[in-house]
Amino acid sequence: MATFNYKVVDRDGKNKKGTIEASNRDGAEKKLKADGYTIMSLTEQSSPLAGGFFKKKVKSKDLAVFCKQFSSVIRAGVTIISALELMGDQIENPTLRKAIMDAKTYVEKGGTLSDAMRINPSIFPPIMINMVAAGEMSGNLEVCLDRLTEHFEKDNALASKIKGAMTYPIVVFIVMIAVVIVVMVMVIPNFTSMFEEMGTDLPLATRIMVALSDFIIHKWWLLIIIVAAIVVGVKAFKRSPVGEQLFANIGLKAPIFGNLNIKSACSRFARTMSTLMASGISMIDAVEQVAKMMDNKIIRDGLLDAKTQVAKGVPLSKPLKDMEMLPPMLSAMTKIGEETGDIEEMLSKVADYYDEEVEAATNALTAAMEPMIMVVLALIVGMIVAAVYGPIMSMYNALDGV
């Protein structure tokens, strides 16, 4: 028996989710439909070992390649089933390849491509599912796929810029930790016996360094447990309502990082809104989808509130203006788009602008991190040198006095 996660709508129109056991996917579908549910998504649970450690994630770059190739094949007159089979043979990412073959099996049974993608919501994001559905309804599936290709390519470019800015400090930090551990394990013990032979009181810095060296050598396992406990604790706290709110505030107000997070959120909002609305998705649904894509809770809650106001007939620019964390330019440009009736094009231009701002912010972040890293390295090296050579200098001074 396999276990499946499901999201359904009951006869009263209420959303429900949970798990169900069945011998296969078809069996799970029959059970849910027999209870009168309309299936929104149905995915099989995988073991933590297979899903958490060895399952390759699907990145925006992979989705961009799929959409681009799939659009080209469809334009050539190939049927959707044959196109999915062809894509399944060409895609390198094994996780995406399996999801494509699952979609092919579903379409062969008479389902639509968008519903087939809902089988694997963790692989195919909502924006992709809804735009494919819009393309199927309008008969312009190729156009929607082209827009998705551009969206995923620019989303991948944005993510690459941010990761590129963080790579240098992270690598330096890891190397710094490795060097400190080597010094503590290989160098400090060689000086310990010499310190003991001096027969004098060691400076505080030296005593701390020797104690830390002994701790790392003899109780390294305890250090691993402490670090693991801290990491797990921080992640658990971050998932709590209080922790999520706290980290959201830090993410928006932290020096340099806050500016980068806000601009990247503006770029993603504008780009996704433009893509969705250009494909025929209503503004209300588009705002809701964009809100769910946001990692920051404060921005996500603000956009969900904006969706509620838009549903009441309020122009989108007003709730955006009320969101104090967002720059005024975003709401101003949105208002211009509303007044001219070309909000999709205006949001696309806004996204291009904030893409450039993100690049400038990442360059500023890298420039600011380099001197900070050098200062930290200098402090650590200075502490080690002071701890090692402090007693030696004291001994020489004592000998000179004699």
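Of everything in region 51-72 that is in contact (Cβ under 8 Å) with a residue 12 or more places away in the chain and outside any helix (DSSP H, G or I), the residue that is farthest from the chain's Cα centre (by Cα) is Lys55. Listed by position, the helices (runs of 4 or more DSSP H) enclosed by region 73-168 that each have at least 1 residues that are surrounded by 15 or more Cβ atoms within 10 Å (Cβ to Cβ) and β-branched (Val, Ile, Thr) are 80-90, 94-108, 126-138.
Which ones in region 296-326 are part of a loop (DSSP other than H, G, I, E, B) and surrounded by 14 or more Cβ atoms within 10 Å (Cβ to Cβ)? Spell out how you get there, then give the answer.
Start the filter on region 296-326 by keeping residues that are part of a loop (DSSP other than H, G, I, E, B), which leaves 296, 312-316, 323-326.
Asn296, Pro315, Leu316, Met323, Met325, Leu326 - these are the residues of region 296-326 that are part of a loop (DSSP other than H, G, I, E, B) and surrounded by 14 or more Cβ atoms within 10 Å (Cβ to Cβ).
On inspection, Glu288 does not qualify as of a type in the set (D, E, K, R) and touching a Ser or Thr at 6+ places or on another chain (Cβ under 9 Å). For the structure I just gave you, tell me whether Ala159 is at negative phi and in contact with a helix residue (DSSP H, G or I) (Cβ under 7 Å, 6 or more places away or on another chain). In short, yes.
What are the residues in region 274-295 that are surrounded by fewer than 19 Cβ atoms within 10 Å (Cβ to Cβ), within 15 Å of Ile343 (Cβ to Cβ) and within 23 Å of the chain's Cα centre (by Cα), if any? The one that is surrounded by fewer than 19 Cβ atoms within 10 Å (Cβ to Cβ), within 15 Å of Ile343 (Cβ to Cβ) and within 23 Å of the chain's Cα centre (by Cα): Asp285.
In this entry, Glu370 is excluded by the filter for residues that are farther than 30 Å from Ile174 by Cβ and not β-branched (Val, Ile, Thr).
Looking across Pro371, Pro391, one residue alone is at pLDDT below 90 and surrounded by 17 or more Cβ atoms within 10 Å (Cβ to Cβ). It is Pro391. Only one of the listed residues (Phe237, Phe257, Phe247) is touching a Lys or Arg at 6+ places or on another chain (Cβ under 7 Å), farther than 17 Å from His151 by Cβ and either of a type outside the set (D, E, K, R) or in contact (Cβ under 8 Å) with a residue 24 or more places away in the chain (or both). That residue is Phe247. The set of residues from region 251-262 being closer than 19 Å to Ala291 by Cα and of a type in the set (Val, Ile, Thr) comprises just one member, Ile262.
Here is a yes/no grid of residues against (1) polar (S, T, N, Q); (2) within 30 Å of Ile262 (Cβ to Cβ); (3) at pLDDT 85 or above:
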position	(1), (2), (3)
Cys144	no, yes, yes
Phe152	no, yes, yes
Ala165	no, yes, no
Pro169	no, yes, no
Ala178	no, no, yes
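Here Met128 meets the list (1) modelled with pLDDT under 85; (2) in contact with a Leu (Cβ under 7 Å, 6 or more places away or on another chain) almost entirely, failing just condition (1). Restricting Ser267, Ser240 to those that are modelled with pLDDT of 85 or more, crowded, with 19+ Cβ neighbours inside 10 Å and under 25 Å from the mean Cα position of the chain (by Cα) reduces the list to Ser267. Looking only at region 180-204, residues that are surrounded by 13 or more Cβ atoms within 10 Å (Cβ to Cβ) and at pLDDT below 75 come to 6 in all. Please indicate, with yes or no, whether at least one residue in region 219-228 is under 24 Å from the mean Cα position of the chain (by Cα), modelled with pLDDT of 85 or more and part of a helix (DSSP H, G or I). Yes; the residues of region 219-228 include at least one that is under 24 Å from the mean Cα position of the chain (by Cα), modelled with pLDDT of 85 or more and part of a helix (DSSP H, G or I). Here Ala361 clears all of (1) surrounded by fewer than 20 Cβ atoms within 10 Å (Cβ to Cβ); (2) within 16 Å of Leu158 (Cα to Cα) except the condition numbered (1).
The values are calculated or read from the model by the stated rules, or taken from the named source; none is laboratory data. Predicted model, so just to flag it, every value in this text is computed and none were measured. Every residue, glycine among them, receives a Cβ derived from its backbone with ideal geometry; neighbour counts consider all protein chains shown.
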